Amino acid sequence: MAPMTSTERRPLLNRRLAEFGTTIFAEMSALAVRTGAINLGQGFPDTDGPESVREAAVRALRDGRGNQYPPGPGVPELREAIAEHQAKRYGLTYDPDREVLVTAGATEALAASLLALVEPGDEVIALEPYYDSYAASIALAGGTRVPVTLRSTGPDDPQGPRFRLDLDELRDAVTDRTRLLLLNTPHNPTGTVLTREELAAIAELAVERDLLVVTDEVYEHLVFDGEHVPLASFPGMRERTVTISSAGKTFSFTGWKVGWVTATPELVSAVRSAKQFLTFVSAGPFQYAVAEALALPDSYFHELREDLRAKRDLLAAGLADAGFGVHRTQGTYFVTTDIRPLGESDGFAFCRDLPERAGVVAVPNAVFYDHQDAGAPFVRFAFCKRESVLTEAVARLGTALG
Ligand SMILES: Cc1ncc(COP(=O)(O)O)c(C=O)c1O
């Protein structure tokens, strides 16, 4: 018998990553291309951000700013702009030299934070459904993810159903091994925005149990109902919270991958230790452009929000007309729907079928769940697309399903 090769003994892929094959976005986007369907699966805008910001990037490239390795923590202009943004919008003061770190998008900020702060055996509590990179980054760090499920208030909610955090469930999930809470508000994929009261309760719990918190606030400027309150602004939280955001959603340049972390010098230093061996630095010229973008007048942020609010309303109404159980989107790019009113129950099967059936691509929320049963009947649609695209998608869904 031939001797076993090393590949037979052991899979090539690090076993920590075994459960993370091709992402659903790749599968669904390929399906969209093959069928010519409208892709409302992935959350990226189909129009670019402000011309002035694009021009700022071109200027930086031409002037030779950022074409060579920028400083490890990020270019000073951007770190100062991030600190000013936190101060002006939220009254949170951060020292741009010691308390701000620029990353390759929020994705790297999340990965570096988890690699820096989590050791094997540590438990990380994440709100379920969760953005897919959370699970992979927790796994890479050797941590154990502990999902706390956001639950639908159901069709009887007089204001329309939304997903809510059960604070008792969150409290019960904390053990002696819990190292950190990984939060996301506004929340992808449910569109829920945690309220001031919910955040205050989370903050109290974090202080009481001495937990670190990593909070992903990439949709901070996309709140349509309610308000975005950074968790770091609650008593006892600034010293234990790593706040993450990025330019992708706020300025409609998701391909630039400019993100950032704000936290205490000790936390930033820990995150930087991991970050320096992931990318070291990235996006030199874009960093200068994002520094200018963060200083755009309030009218820019207002118009972005109102434009997306109208798109949310268009898509939500169309989905309701087509027979979906539409959940309230308070923020983000996404509407989560319940397919049970359509007589369906398996979001995976529904989404695999939808491009052929209706010419539209959506994503099954179950991919964001450990508790598959809890996620099975929910399907996510993105509305960060041109009005004409949304109108056509809604018409197709109405014809095929309505
Ligand atoms: C909740 C959430 N966090 C992080 C990201 C990634 O952000 P970035 O493109 O800046 O890495 C996304 C992108 O869809 C997201 O939805």
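All of the numbers you see were taken from the coordinates with simple rules; none came from a lab. As the structure is a prediction and not an experimental result, all values here were calculated from the model. Here the Cβ positions follow ideal geometry from the backbone for every residue, glycine too, while neighbour counts run over all protein chains shown.
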Among 259-268, 283-292, the order from most to least packed when residues are scored by Cβ within 10 Å on average | 283-292, 259-268
Just flag the GluC sites (Glu not before Pro) in region 164-245 sitting in loop per DSSP whose Cβ has no more than 12 other Cβ atoms within 10 Å.
-> 227
Could you work out which residue, out of 117, 182, 101, moves most in a Gaussian network model of the chain, that is, has the largest mean-square fluctuation with Cα springs under 10 Å?
-> 117
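Using packing as a proxy for protection, rank 359-367, 384-392 so that the peptide with the highest average count of other Cβ atoms within 10 Å comes first.
359-367, 384-392
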Could you tell me which trypsin sites (Lys or Arg not before Pro) in region 169-220 are loop residues by DSSP with no more than 12 other beta carbons within 10 angstrom of their beta carbon?
-> 177
Inter-part distance where region 167-192 and region 112-137 are each reduced to a Cα centre, Å = 11 Å
One point scatterer per Cα, no solvent, Debye formula: log10 I(q)/I(0) for region 245-377 at q = 0.10, 0.13, 0.22 Å⁻¹ comes out as -0.54, -0.82, -1.23
Based only on Cα atoms, what Rg/Rh ratio does the chain have, Rh being taken as Kirkwood's radius?
-> 0.97
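Please state the charge dipole magnitude for the chain, taken about the Cα centre, from unit charges on C-beta atoms (+1 on K and R, -1 on D and E), reported in debye and rounded to the nearest 20.
So the dipole magnitude of the chain works out to roughly 980 debye.
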Residues with amide H under 5 Å from that of residue 39, placed H, sequence gap 5 or more | 361
Karplus couplings for region 263-272 from phi (6.51 cos²θ - 1.76 cosθ + 1.60, θ = phi - 60°), rounded to Hz, Gly and Pro as x?
-> 5, 5, x, 5, 5, 4, 4, 5, 5, 5
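Could you work out the relative contact order of the chain, using alpha carbon pairs under 8 angstrom and six or more residues apart, expressed as a whole percent?
Answer for the chain is 24 percent.
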Counting DSSP beta bridges in the chain, what percent are antiparallel, to the nearest 5?
-> 50 percent
Taking amide hydrogens as modeled 1.01 Å from N in the peptide plane, which residues meet the under 5 Å criterion relative to residue 103, leaving out close sequence neighbours?
-> 259, 260, 261
Could you work out the Kirkwood radius for region 55-157, taking every pair of different alpha carbons, averaging 1/r and inverting it, reported in Å?
-> 16.7 Å
